[in-house]
1. Quickly estimate the mean residue ellipticity at 222 nm for the chain, helices only: each DSSP H run with n ≥ 4 gives -39500 (n - 2.57), and the total goes over all residues, rounded to 500.
2. Whole-Hz ³J(HN,Hα) for each residue in segment 17-27, computed from phi via Karplus 6.51 cos²θ - 1.76 cosθ + 1.60 with θ = phi - 60°, x for glycine and proline: what do you get?
3. If amide hydrogens are placed 1.01 Å from N in the peptide plane, which non-local residues have theirs closer than 5 Å to the one on residue 48?
4. What list of ³J(HN,Hα) couplings, whole Hz, do you get for segment 31-47 from phi and the Karplus terms 6.51, -1.76, 1.60, once you set θ to phi - 60° and write x for glycine and proline?
5. Hey, could you get me the Stokes-Einstein D for segment 198-377, Kirkwood radius over alpha-carbon pairs, 25 °C and 0.890 mPa s, rounded to whole µm² s⁻¹?
6. Can you order the peptides 89-96, 45-52 by their average number of other Cβ atoms within 10 Å per residue, highest first?
7. With Kirkwood's inverse mean 1/r over C-alpha pairs for Rh, give me the Rg to Rh ratio of segment 297-375, two decimals please.
8. Explain nothing, just compute: Karplus ³J(HN,Hα) = 6.51 cos²θ - 1.76 cosθ + 1.60, θ = phi - 60°, for every residue of segment 240-247 in order, whole Hz, x for Gly and Pro.
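Derivation of every value follows stated rules applied to the coordinates shown; laboratory data play no part. Because the structure is a prediction, the values reported are computed rather than measured. Neighbour counts run over all protein chains shown; Cβ positions are idealised from the backbone, glycine included.
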Amino acid sequence: MPENDKQSLSMVTCTAPVNIAVIKYWGKRDEDLILPINSSLSVTLHQDQLKTTTTVACSRNFQQDRIWLNGKEEDISNPRLQSCLQEIRRFSRKRRNTGDSTSDVSGVSHKVHICSVNNFPTAAGLASSASGYACLVYTLSQLFGVESEQLSAVARQGSGSACRSLYGGFVQWKLGEQLDGKDSLAEQVESESYWPELRVLTLVVSAEQKSVGSTSGMHASVETSQLLKYRADVVVPSRMEEMIRVIRERDFPAFGELTMKDSNQFHAICLDTYPPIFYLNNTSHRIISLVHRYNQYYGETRVAYTFDAGPNAVIYTLQDHLSEFVQVVRHFFPPEVSGEEFVKGLPVCSADLSEELKRDINMEPTPKGIRYIISTKEQDIIVVVINYNIMPL
């Protein structure tokens, strides 16, 4: 067998995490380059509970590029997919042309088959596009020998917030000033080990796809919301500085208050958009009310909510308050299922609720309002890479 025919197919599999913004990204100043109108900051969640797994295979025998998402073939001609593929191939060819002997880019001209799977609801406001494009870009980079420092700008062109999923812990995506977007990149603020007591709960209200996608929603807000411009110009710059400070000081009450205020302002912008966009539902509003009543009972911010573009809540709290708040959620949103069926992920100890706490919260229970809870924490390891080289039979 000729030497160049010995290896007919190469495959790489990677996993990438979800990130949930505490300072929201909403709106682009450049639709083609995916440049934001404001900086943003997020927390990367643990992959054991929320991740995208992507396998990319490359072969001279493939006739065309193809992609499958959660088992269903999708349109590979999607402009954002094409942008990521073209950029990775361009960087790979550039390394080959400069004579970089450390990189094997012999397959860069071959077609690829991509298979991507999420272990959580897709397009339901849980940042699936962020983990999806981060995973796609990283997997392609491993296959074609592209350096990691080039990936933030590429992932951003797939989904803006995807650049934040390339890092663990607390991550900011900088606004940048250059017209070509070369300085609009993600960077880690602090690793997950910096605040080990921080815990995250995802309250899954609905797994259905949202009626207004993030891309079209952002475009409508940029075109019609006056509040959006004020937020970008006046609110976010100082809020970013303050958020980074309270994270570094591990000041949970301040962190929680800023997180909730920013979530509320984001959804206020959605309402200020014309026609208005409604991502939250009645259960979402009841979760917001529950969090504030719980904090009011204790006279301090012990838990904080944030909502992306969907009805599902992400709750931040500290380990000391985790068990009690989960029990509070169980009490006021009685589940259809019990035990591990309702609380998935990291184990949560049981807790007793005082009659005084239940009485002071003073809410009517909403049976089956929350489908299940995902208990997790921050994540520091970004991807797991498995390389395969398959020889022909």
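1. Value at 222 nm, helices only: -10500 deg cm²/dmol.
2. Each residue's phi maps through the Karplus curve to give x, 7, 10, 10, 6, 9, 10, 6, 9, 8, x Hz.
3. Amide H neighbours of residue 48: none.
4. 6, 6, 8, 6, 9, x, 8, 8, 5, 8, 8, 9, 10, 7, 9, 5, 6
5. Estimated diffusion coefficient is 141 µm²/s.
6. 45-52, 89-96
7. Reported Rg/Rh (Cα atoms, Kirkwood Rh): 0.93.
8. 4, 4, 5, 5, 4, 5, 6, 5
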